[in-house]
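Step one of this worksheet: look at the structure below.
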Amino acid sequence: GIEKQPSKTWFLKKIKDNFPNLHVHAIKKDTCNECETMKLGEKYEDLKVHKLKAKSMNEQQKIDFKDENCITFDLMQVQPLPYLTVNKAFYSRKMWMYNFGIHHPTSNDSFIYTWNENEGYRGPAEICTCIYKHVKQYFSSADHLILWSDSTGGQNRNHMMTTMIMRLLEEIPTLNYIIHRFPIVGHSFLPNDRDFGVIANAKKKKQNLYDSEQYIQMIINARKNPSPIKVVKLDPTDFVSFEAASNIKKIAENVDCDGNKFTLFGIHEMCYEKDLFGYKFKHLSSDPEYRTVNYGPKSRRSRRPEKPNFIPLQSLYPSDGVPIATKKYEDIHKSLLMYVPPIHHKE
């Protein structure tokens with residue numbers, strides 16, 4: 001007779017009944033560098049301690065995400081402009097479009113601050129400008145603020161970020177303290193990643209995107225629930241330098257008030273208070289006590305200021321933006337513009 005093949009449903013049920021503890025996991029991506037190194041070196045005790053640290057920060061994250069004064073932020077992978085499907089575009093240099101995401105965990109509101117490569121760079125000045133504008137608009141009466149971001153030193157954990165946060169404490173009267181927390185690398189997931197995934201899926205359905213206006217409209221339409229992503233287009237004159245508008249000097253060596261050295265990379269929590277000229281930090285949020293860094297004078301002869309002083313912020317770039325590489329400009333005009341309708345040539 002004809003042999004019947006077992007159905008997939010029957011087969012899976014049989015496996016589940018006979019092997020109740022068997023689980024199927026998807027292959028992990030972006031795994032932790034330290035975990036992989038410790039596994040290869042068979043340092044299992046160190047690996048256990050490392051995972052406990054990651055668990056501690058993740059538990060703190062769950063607590064913070066219930067606070068209405070908590071936000072997360074991250075910079076999305078750069079997007080090519082224009083986005084074309086012709087094979088010639090694959091080999092040509094394109095202008096980049098930068099999308100900086102801010103997410104409110106309690107309300108699930110998502111924001112994208114966007115600018116093009118010829119309007120600004122993607123350094124600490126641009127990142128701090130976005131956060132500063134957002135906090136001034138949405139948290140002008142808050143008594144505290146909690147920030148979560150990855151540990152990228154050039155963008156999120158640097159002197160300009162410190163200066164910007166101190167300025168917020170000075171300019172918002174109700175704001176008493178700001179805590180900036182960084183999850184353990186390789187063991188974190190920020191809501192911004194989900195927002196970026198929604199945008200990436202919407203982009204897959206597009207044949208071509210000729211300019212930033214079409215990109216922005218795509219982002220707005222990418223999600224309906226719980227609410228559409230709000231997009232803020234930034235101009236070159238919107239970006240400011242917080243370091244140039246203050247008297248806060250960067251310390252030459254990372255040493256706390258007790259004379260102990262530390263590295264910024266090992267810090268996972270920084271606390272700024274209104275009456276503190278400096279910041280407090282912990283290596284983990286679960287650590288019992290803060291260590292303090294003072295930006296004021298350490299001796300009578302020191303030339304360091306006794307308290308912060310802020311002057312009005314000025315635009316970092318002129319209204320016509322910043323230059324792009326000559327070869328990139330040539331590629332765009334010689335190889336790509338022929339595939340872009342003339343109405344979109346203004347960028």
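With an 8 Å cut-off on Cα pairs and a minimum separation of 6 or more residues, tell me the relative contact order of the chain in percent.
Rounded, it is 20 percent for the chain.
When all C-alpha to C-alpha distances in the chain are sorted into bins of 10 Å, what percent of pairs does each bin hold, rounded to whole numbers?
Each 10 Å bin holds this share of Cα pairs: 5, 20, 26, 23, 16, 7, 3, 1, 0, 0, 0.
Mind checking the dipole of the range 201-347: about its Cα centre, +1 per Lys or Arg Cβ, -1 per Asp or Glu Cβ, Debye to the nearest 20?
It comes to approximately 180 debye.
Multiply the residue gap between GLN217 and LEU337 by 0.36 nm, knock off their C-alpha separation, and tell me the result in nm, one decimal place.
41.1 nm
Rank these by accessible area, largest first, 1.4 Å probe: TYR113, TYR132, TYR177.
Per-residue accessible area, sorted high to low, gives TYR177, TYR132, TYR113.
What do you get for GluC sites (Glu not before Pro) in the range 222-300 restricted to DSSP loop and a cutoff of at most 14 other Cβ within 10 Å of the site's Cβ?
When the GluC sites (Glu not before Pro) of the range 222-300 are filtered for loop state and at most 14 Cβ neighbours within 10 Å, GLU253, GLU289 remain.
Looking at the range 78-173, which trypsin sites (Lys or Arg not before Pro) are DSSP coil and have at most 12 other C-beta atoms within 10 Å of their C-beta?
none
If I take all pairs of Cα atoms in the range 1-102, what percentage of them are more than 21 Å from each other?
Beyond 21 Å sits 72 percent of the P(r) for the range 1-102.
How much length, in nm to one decimal, is gained on full extension between THR237 and ASN260, taken as 0.36 nm per residue of separation minus their Cα-Cα distance?
Computed gain between THR237 and ASN260 is 4.2 nm.
Using the charge dipole of the chain (Lys, Arg: +1 at Cβ; Asp, Glu: -1 at Cβ; taken about the Cα centre), state which of MET38, CYS128, PHE281 has its Cα farthest towards the positive end.
Checking the options against the dipole of the chain, the answer is MET38.
Any chance you could list the semi-axes, whole Å, largest first, of the equivalent ellipsoid that the Cα gyration tensor gives for the range 69-134, using √(5λ)?
28, 14, 7
Which cross-chain or sequence-distant (5 or more) residues have an amide H under 5 Å from the amide H of MET95, H modelled 1.01 Å from N in plane?
LEU81
If you find the alpha carbon centre of the range 7-22 and of the range 39-100, how far apart are they in angstrom?
Result: 36 Å between the Cα centres.
So for the range 273-344, averaging the separation of alpha carbon pairs under 8 Å that are six or more residues apart and normalising by length, what relative contact order in percent results? Walk me through the intermediate numbers first.
Numbers: 35 pairs, mean separation 12.8, N = 72.
Across the range 273-344, relative contact order equals 18 percent.
Going down the table (LYS204/LYS328; LYS13/LYS51; LYS62/LYS205; LYS51/LYS230; LYS136/LYS204), which pairs top 28 Å between alpha carbons?
Working: LYS204/LYS328 25 Å; LYS13/LYS51 34 Å; LYS62/LYS205 34 Å; LYS51/LYS230 36 Å; LYS136/LYS204 35 Å.
Where the Cα-Cα span goes over 28 Å, the pairs concerned are LYS13/LYS51; LYS62/LYS205; LYS51/LYS230; LYS136/LYS204.
Show me, for the range 147-156, the HN-Hα J-couplings you get by feeding each phi into the Karplus relation (A = 6.51, B = -1.76, C = 1.60, θ = phi - 60°), rounded to Hz, glycine and proline as x.
Per-residue couplings from phi come out as 10, 10, 7, 6, 9, 4, x, x, 10, 10 Hz.
On a straight-distance basis, which aspartates and glutamates could pair with LYS8 in a cross-link, Cα separation under 17 angstrom, same-chain partners fewer than 8 positions away excluded?
ASP17
For LYS249 paired with LYS4, estimate the spin-label separation in nm (one decimal), with each label point 7 Å from Cα along the Cα-to-Cβ line.
About 8.6 nm separates the two model spin labels.
Using +1 at the Cβ of each Lys and Arg and -1 at the Cβ of each Asp and Glu in the range 143-200, identify which of LEU147, HIS159, ILE179 lies farthest towards the dipole's positive end.
HIS159
Relative to the compact globular guide of 2.2 N^0.38 Å, what is the alpha carbon radius of gyration of the range 136-189, as a ratio?
On the way: Rg = 12.4 Å, N = 54, 2.2 N^0.38 = 10.0 Å.
Working it through for the range 136-189, the quotient is 1.24.
Treating only the Cβ of Lys, Arg, Asp and Glu as charged (+1, +1, -1, -1), what charge dipole size does the chain show about its Cα centre? Round to the nearest 20 debye.
860
Please get the size of the charge dipole for the range 131-224, origin at its Cα centre, with Cβ charges of +1 on Lys and Arg and -1 on Asp and Glu, quoted in debye to the nearest 20.
440
Quick test of your reading: applying the under-4.7 Å Cβ rule, which cysteines of the chain are isolated?
CYS70, CYS128, CYS130, CYS257, CYS271
Taking only DSSP H segments of four or more residues, each worth -39500 (n - 2.57), what value at 222 nm results for the chain once the sum is divided by all its residues, to the nearest 500 deg cm²/dmol?
Result for the chain: -9000 deg cm²/dmol, rounded to the nearest 500.
Answer rounded, prolate or oblate for the range 174-305, using the Cα gyration tensor with square roots of eigenvalues a ≥ b ≥ c: rounded when a/c is under 1.5, else prolate when a/b is larger than b/c, else oblate.
Prolate is the answer for the range 174-305, as a/c is 1.5 or above and a/b outweighs b/c.
Take the Cα atoms of the range 154-250, build their convex hull, and give its volume per residue in Å³.
So the per-residue Cα hull volume is 180 Å³.
The values are calculated or read from the model by the stated rules, or taken from the named source; none is laboratory data. Keep in mind that what you see is a predicted model, and the values were worked out from it rather than measured. Because the Cβ atoms are built from the backbone with ideal geometry, glycine has one as well, and the counts that use them run over all protein chains shown. Calculation scope for accessible area: heavy atoms of the full protein, side chains included, ligands and nucleic acids excluded. Shrake-Rupley method; radii C 1.70, N 1.55, O 1.52, S 1.80 Å.
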